[in-house]
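Take a look at the following structure, please.
The values are calculated or read from the model by the stated rules, or taken from the named source; none is laboratory data. Keep in mind that this is a model prediction, so the values were computed, not measured. For neighbour counting, all protein chains shown are included, and Cβ atoms are generated from backbone atoms with ideal geometry for every residue, glycine included.
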């Protein structure tokens, strides 16, 4: 069974160092998954292309725009997520946060996630553990232990490649260890709420007799 | 089919003049809008209910009672009545009283309210919204249908030997709609009791509205009230009209761009594509509105939001004039042309509910249970015979 990993990247320039790191992470994860005899499809989401729709979503009380709806479903139905942001003003970028703010609270339940960040200086490296990791913890995703931070100078340093492959191996194991998720159908392993993109009204509904139980006044 | 106006009662600065109407002027404007709706042959006026600025509509039955005294035919409704933070006992009393004052020209739309801080002001918690809607509405049904109520629930002080006064006009409770944008539980609630379901529609894409209405229709049939396409559906709509599309857009654009709900966000053009908003000629409004039935099925009530975002009352009255004179007559004809014979044209009215008699399931607190008991009795009788 081929797995599917979605890469969400919040770089703003073209080409961006954030996308460069995202490419390296995606290639390394593909290598790690295929080395284990499984197939992997990788899909990239450039948040820059969604900037207008995210602004519409935020300023209209959540009107679901077509592109954003498609991407929300694409992310929640994936087997794993690679999320990479540039560091702006001591944290992930506003665009990166807007995207995750636009997801349903159950959109990433149990999702294996590899986090990455880029900046001009290594002084920002704690953004991974002080900002990105709590964000995904709140969303009940499973963030792999190694996060990959790349300052500009790291792109000439072998240490980056080592960290990329260590993180990629962790994500590969995590992706392969979970069964295929189908949005809205499969309960997660912990028996918690299932993962859902929240973009559709689900066909299953709680029967009214259950809703009324204890509230009929008798 | 019924057509009407629904108002959210916002006091908003007119962005083209900087004028902010006083609360008194806004209340007066809403009254004039309701009277205009009757004058041009629309069927329904519905007022919102809010308990926080910038809205004025905190006392719907006071306002609707005043409008009732000045109208003959207009159905007075709500958009919505807060079933979560209001005491259902007071809703039962107030709206039964309004029925008597208006000769039965009353129905209600239940809603939960989405403003978090309003809940604690009334001793409630927004996180209990669905449970409050379920418990309070069930109590409301009891109060309108049982002469003496003994009741104990989670959210309100218990009732012993309580009789709600006045009893509903002609012993017939008003028809109720349930409004919800995205809560399947509320579509389920409407379906369970055989009540109407209203989708606000105007801030959402049609695919979403379609899914909610279909869920309600499917569950309406499941509970045995009729076929799915016979369920009672109402929709919102939002329009602004002029002789040409360019003129309509020119006049409406500053109001759109500065509107409290979506201003400073999507463009008028994008929002018109994403949602049912139609800014153009009466013909364009007719075409777009008729298209609603293609995705929700043939329905019974169409409400329009006209008076918001600081539009001056004179402009709103002109819009209602165009709706009543040019748009709605065509919509009435065309919607009936496409409607199959077995699909009701109108939702239940006081007259139709009285005509159905005291034994109709409208008088059952839980129609599903009464129907099932009757069916069981009938099949039992069949076996012994």
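Does residue B:3 count as in contact with a strand residue (DSSP E or B) (Cβ under 6 Å, 6 or more places away or on another chain), closer than 21 Å to residue B:117 by Cα and modelled with pLDDT of 95 or more? Step through it out loud before you land on a result.
Values: in contact with a strand residue (DSSP E or B) (Cβ under 6 Å, 6 or more places away or on another chain): yes; closer than 21 Å to residue B:117 by Cα: no; modelled with pLDDT of 95 or more: yes.
No.
Further, regarding this structure: Out of B:117, B:88, I need the residue that is crowded, with 21+ Cβ neighbours inside 10 Å, modelled with pLDDT of 95 or more and out of contact with any strand residue (DSSP E or B) (no Cβ under 6 Å at 6 or more places or on another chain). Which one?
Details: B:117 fails: crowded, with 21+ Cβ neighbours inside 10 Å.
Residue meeting the stated conditions: B:88.
Ok, one more. What number of residues in the range B:131-177 are outside any strand (DSSP E or B) and within 14 Å of another protein chain (Cβ to nearest Cβ)?
Residues of the range B:131-177 that are outside any strand (DSSP E or B), as a first pass: B:131-148, B:152-158, B:163-175.
Those left that are additionally within 14 Å of another protein chain (Cβ to nearest Cβ): B:131-146, B:148, B:152-158, B:164.
Selection size over the range B:131-177: 25.
Going residue by residue through the range B:35-44, is there one that turns out to be crowded, with 23+ Cβ neighbours inside 10 Å, in contact with a strand residue (DSSP E or B) (Cβ under 7 Å, 6 or more places away or on another chain), free of Cβ contacts under 8 Å to residues at least 40 places away in the same chain and not in a loop (DSSP other than H, G, I, E, B)?
Looking for residues that are crowded, with 23+ Cβ neighbours inside 10 Å, in contact with a strand residue (DSSP E or B) (Cβ under 7 Å, 6 or more places away or on another chain), free of Cβ contacts under 8 Å to residues at least 40 places away in the same chain and not in a loop (DSSP other than H, G, I, E, B), one finds none in the range B:35-44, hence no.
Ok, one more. How many residues are modelled with pLDDT of 65 or more and within 14 Å of chain B (Cβ to nearest Cβ) when one looks only at the range A:172-202? Write out each step before concluding.
Of all residues in the range A:172-202, those modelled with pLDDT of 65 or more come to A:172-178, A:192-202.
Applying the additional criterion that residues be within 14 Å of chain B (Cβ to nearest Cβ) yields A:196-202.
So the count comes out to 7.
Conditions (1) farther than 21 Å from residue B:126 by Cβ; (2) more than 14 Å from the chain's Cα centre (by Cα), marked per residue:
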position: B:161; (1), (2): yes, yes
position: B:174; (1), (2): yes, no
position: B:187; (1), (2): no, no
position: B:204; (1), (2): no, yes
position: B:209; (1), (2): yes, yes
position: B:214; (1), (2): yes, yes
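Condition first: surrounded by fewer than 21 Cβ atoms within 10 Å (Cβ to Cβ) and either more than 14 Å from chain B (Cβ to nearest Cβ) or closer than 24 Å to residue A:17 by Cβ (or both). Now tell me which residues in the range A:55-94 satisfy that.
Matches in the range A:55-94: A:74, A:77, A:88, A:89, A:90, A:91, A:93, A:94.
Still on this model: May I ask you to list the residues in the range B:187-220 that are in contact (Cβ under 8 Å) with a residue 40 or more places away in the chain, under 27 Å from residue B:142 (Cα atoms) and within 10 Å of another protein chain (Cβ to nearest Cβ)?
B:189, B:191, B:192, B:193, B:213
Residues in the range B:237-270 that are within 14 Å of another protein chain (Cβ to nearest Cβ), assigned to a helix (DSSP H, G or I) and at pLDDT 95 or above: how many?
Residues flagged as within 14 Å of another protein chain (Cβ to nearest Cβ), assigned to a helix (DSSP H, G or I) and at pLDDT 95 or above within the range B:237-270 amount to 4.
Same structure again: Considering only the range A:20-44, how many residues are buried (at least 22 other Cβ atoms within 10 Å of the Cβ) and closer than 18 Å to residue A:93 by Cα?
2
In the list B:67, B:75, which residue meets the criterion of being closer than 22 Å to residue B:179 by Cβ, surrounded by 16 or more Cβ atoms within 10 Å (Cβ to Cβ) and in contact (Cβ under 8 Å) with a residue 40 or more places away in the chain?
So the residue among B:67, B:75 that is closer than 22 Å to residue B:179 by Cβ, surrounded by 16 or more Cβ atoms within 10 Å (Cβ to Cβ) and in contact (Cβ under 8 Å) with a residue 40 or more places away in the chain is B:75.
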